[in-house]
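The values are calculated or read from the model by the stated rules, or taken from the named source; none is laboratory data. Remember, predicted model here, so these are calculated numbers, not experimental data. Backbone-built Cβ (ideal geometry, glycine too); neighbour counts: all protein chains shown. When the accessible area is computed, the model is the full protein with side chains, heavy atoms only, and any ligands, DNA or RNA have been set aside. Shrake-Rupley method; radii C 1.70, N 1.55, O 1.52, S 1.80 Å.
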Amino acid sequence: MFGACQSAALPSSSTVSPPSSRCHLFTASMALSKIAKTAFSRSQGRIASENCVHRMGLLRRGLPASQPYHTLLPSMMASDGFSRIRRADVFGVESRGISHTPSREYPPTAQAIEDDLYVEADDGARLPGLEPTKPGEKPRVVVLGTGWAGCRFLKGLDAKLYDIVCISPRNHMVFTPLLASTCVGTLEFRSVAEPVGRIQSALAGAPDSYFYLANCTGIDTDKHEVHCESVPGTGLPYDPYRFKVAYDKLVIAAGADPLTFGIKGVREHAMFLREVHHAQEIRRKLLLNLMLSESPGISEEEKKRLLHCVVIGGGPTGVEFSGELSDFIMRDVRQRYSHVKDHIQVTLIEANEILSSFDIGLRQYATNHLTKSGVRLVRGVVKEVLPEKILLSDGSCVPYGLLVWSTGVGPSEFVKSLDLPKAPGGRIGVDEWLRVPSVEDVFALGDCAGFLEHTGKPVLPALAQVAEREGKYLANMFNEIGKQNGGKAHCAGNITMGDPFVYRHLGSMASVGRYKALVDLRQSKDAKGISMAGFISWFIWRSAYLTRVVSWRNRFYVAVNWATTLVFGRDNSRIG
């Protein structure tokens, strides 16, 4: 039947009698598809019928909004004799409120032909998406990002007052203070990842609240909408798949990108430690190098290179990762990789002093402890990163098998592209209430935001506790605004905003390995306060982070992982 339909000839007459069978209908659909593709691909159409050329031109230029093309197309087809082709809706498939284009069916149908015409029409106004909320509906809050700031805001936001839409390229929050422990097997990866649907249950079940796995590509503050693009490789009918979401209130918590200072070769050859997949890559590379170094015929020099782990950056992340590596080497590598145990080495390179925000006595303690644990501390500036070695500014060369880059964060390309006021350092500029003052109903917080100069406040550091505090503050403020009926777009002008945001530093903690840690409870570098180091500090560090893990489920995972590692050691299976 299918072969017969394909081989059927189209009548040469310009008047086609109504088809009497399903096969004739398919033949007509194939003919229309050929005409449409020809009209779109050639600047000078060679279609015999001038009437058909005119109609295809309408589709290419975009039909007026008063009469959508999916209502005109059936009448156009009917005038050419295809009167029995059914009327089809452009967005015939619905997925929790956002329209999208249905997947292909073979053999092609009239619906598929119509979708082809729609997609090829270059009209940004026809992007599918969530339309503005109507009177009587709850206001919609759109949140960009699932980091510390965005997730703490989502957790505190009252879903009875707002419909919530979260847009992010990941569907979970990463508990970053424990991420370094996953690289060597102290913790499992699931222990540091909290699904966003557990943080804000409305995203998983409320009828008008959604989570979209996508990147925001632009913000139209005049129309109160964000333009999004699904993450690549999702298998959707079109790649990239684009849509838009209208908002009443927008919260930008898009985070930041690793800071490379424009050094050549960093992004190509170094690994970062910001996401779970970064930790997975580091673990696979570390175990791979350990196993390859035992291969027969490998020279001593190549073994030393493969087993040389270099960490760039002496902040808390770099120091904690170096401490975890030294623990892994002392307890697990020397026992299970006895043939190469004397070749593995960890080098920490820092331009100034490690842990510069800590008390001077704690910095000295960390330096002495890391040195005793086998970590080589080098003061230098990286000039260039090559595939197997690092060039320093003093001319020295450092070969490596694993390179982890941890030198802080800076504004992402998305933040740089936004036409919004910028704070010092390139972050999105906000006032004392975390509002973006140049536009209405837009807020920013976390690593992507900073106070504007006219506020007189310094830009806060990119720390988890800063982001968490901002998220909690903004959620409480939104709940108060919602109770005063100020949640809708353009309705918060006369609403009392409450007290401005004030950040008070609670202190810093960092693990240095081998059951030792640093605890600095001063509010600033020059202030007085409690500072300690050693085993008690390590116990405080673990206890504090265990209580800060978002859910009881993950707290249980972390506690069990710590106990298992203490008794049985770390797992060294390389998976993937």
Looking only at region 463-503, which residues are in the same structural domain as residue 222 (by the TED database), within 26 Å of residue 521 (Cα to Cα) and not hydroxyl-bearing (Ser, Thr, Tyr)?
463, 464, 465, 466, 467, 468, 469, 470, 471, 472, 474
Suppose we filter 548, 555, 574 for residues that are closer than 24 Å to residue 196 by Cβ and open to solvent by 60 Å² or more (accessible area, probe 1.4 Å); which single one remains?
548
Look at region 306-337 and say how many of its residues are among the hydrophobic types (A, V, I, L, M, F, W, C) and in a loop (DSSP other than H, G, I, E, B).
1
Tell me, please, whether a residue that is in the same structural domain as residue 361 (by the TED database), touching a Phe, Trp or Tyr at 6+ places or on another chain (Cβ under 9 Å), under 16 Å from residue 191 (Cβ atoms) and in a loop (DSSP other than H, G, I, E, B) can be found in region 511-532.
no
How about region 166-220: which strands (runs of 3 or more DSSP E) wholly inside it have at least 1 residues that are among the β-branched types (Val, Ile, Thr)?
172-174, 210-220
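Restricting the search to region 221-264, which residues are in a loop (DSSP other than H, G, I, E, B) and among the aliphatic types (A, V, I, L, M)?
231, 236, 253, 254, 256, 259, 263
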Filter pass, residue 348 being in contact with a Ser or Thr (Cβ under 9 Å, 6 or more places away or on another chain) and of a type in the set (A, V, I, L, M, F, W, C)
yes
Scanning region 554-576 for residues that are at pLDDT 95 or above and in contact with a helix residue (DSSP H, G or I) (Cβ under 8 Å, 6 or more places away or on another chain) gives 554, 555, 557, 558, 559, 561, 562
When residues of region 150-183 are filtered for being farther than 20 Å from residue 487 by Cβ, buried (at least 19 other Cβ atoms within 10 Å of the Cβ) and touching a Leu at 6+ places or on another chain (Cβ under 8 Å), how many remain?
6
Which listed residue, of 347, 317, is of a type outside the set (Asp, Glu) and out of contact with any Phe, Trp or Tyr (no Cβ under 9 Å at 6 or more places or on another chain):
317
Going through region 559-571 one residue at a time, which ones are open to solvent by less than 90 Å² (accessible area, probe 1.4 Å) and either under 18 Å from residue 179 (Cβ atoms) or in a helix (DSSP H, G or I) (or both)?
559, 560, 561, 562, 563, 564, 565, 570, 571
Criterion: at negative phi, under 30 Å from the mean Cα position of the chain (by Cα) and outside the structural domain of residue 351 (by the TED database) - qualifying residue of 263, 282, 312
263
Please go through region 361-379 and pick out each residue that is small (Gly, Ala, Ser) and either touching a helix residue (DSSP H, G or I) at 6+ places or on another chain (Cβ under 6 Å) or at pLDDT 95 or above (or both).
366, 373, 374
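Being open to solvent by less than 20 Å² (accessible area, probe 1.4 Å) and touching a helix residue (DSSP H, G or I) at 6+ places or on another chain (Cβ under 9 Å) is the filter; apply it to region 200-217 and report the residue that is nearest to residue 157 (Cα to Cα). Write out each step before concluding.
Going through region 200-217, the residues open to solvent by less than 20 Å² (accessible area, probe 1.4 Å) turn out to be 200, 202-203, 209-210, 214.
This time we only want the ones that are touching a helix residue (DSSP H, G or I) at 6+ places or on another chain (Cβ under 9 Å), so: 200, 202-203, 209-210.
On the way: 200: 8, 202: 10, 203: 12, 209: 12, 210: 14 Å.
Taking the candidates together, the pick is 200.
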Does any residue of region 276-290 turn out to be modelled with pLDDT of 95 or more and not in a helix (DSSP H, G or I)?
no
Does residue 220 satisfy being surrounded by fewer than 17 Cβ atoms within 10 Å (Cβ to Cβ) and at pLDDT below 95?
no
Quick one: how many residues across region 277-335 are open to solvent by less than 10 Å² (accessible area, probe 1.4 Å), within 18 Å of residue 373 (Cβ to Cβ) and among the β-branched types (Val, Ile, Thr)?
4
I'm trying to understand the selection: among the residues of region 516-531, which are modelled with pLDDT of 95 or more and either aromatic (Phe, Trp, Tyr) or open to solvent by 40 Å² or more (accessible area, probe 1.4 Å) (or both)?
516
Name the single residue that is modelled with the lowest pLDDT among those in region 455-495 being open to solvent by 10 Å² or more (accessible area, probe 1.4 Å), out of contact with any strand residue (DSSP E or B) (no Cβ under 9 Å at 6 or more places or on another chain) and under 17 Å from residue 428 (Cβ atoms).
461
Total residues in region 431-454, condition open to solvent by less than 40 Å² (accessible area, probe 1.4 Å) and either out of contact with any helix residue (DSSP H, G or I) (no Cβ under 8 Å at 6 or more places or on another chain) or part of a loop (DSSP other than H, G, I, E, B) (or both)
11
For region 176-233, how many residues meet the condition of being acidic (Asp, Glu) and farther than 27 Å from residue 271 by Cβ?
4
For residue 341, work out the one condition from (1) surrounded by 20 or more Cβ atoms within 10 Å (Cβ to Cβ); (2) in a loop (DSSP other than H, G, I, E, B); (3) not β-branched (Val, Ile, Thr) it doesn't fulfil.
(1)
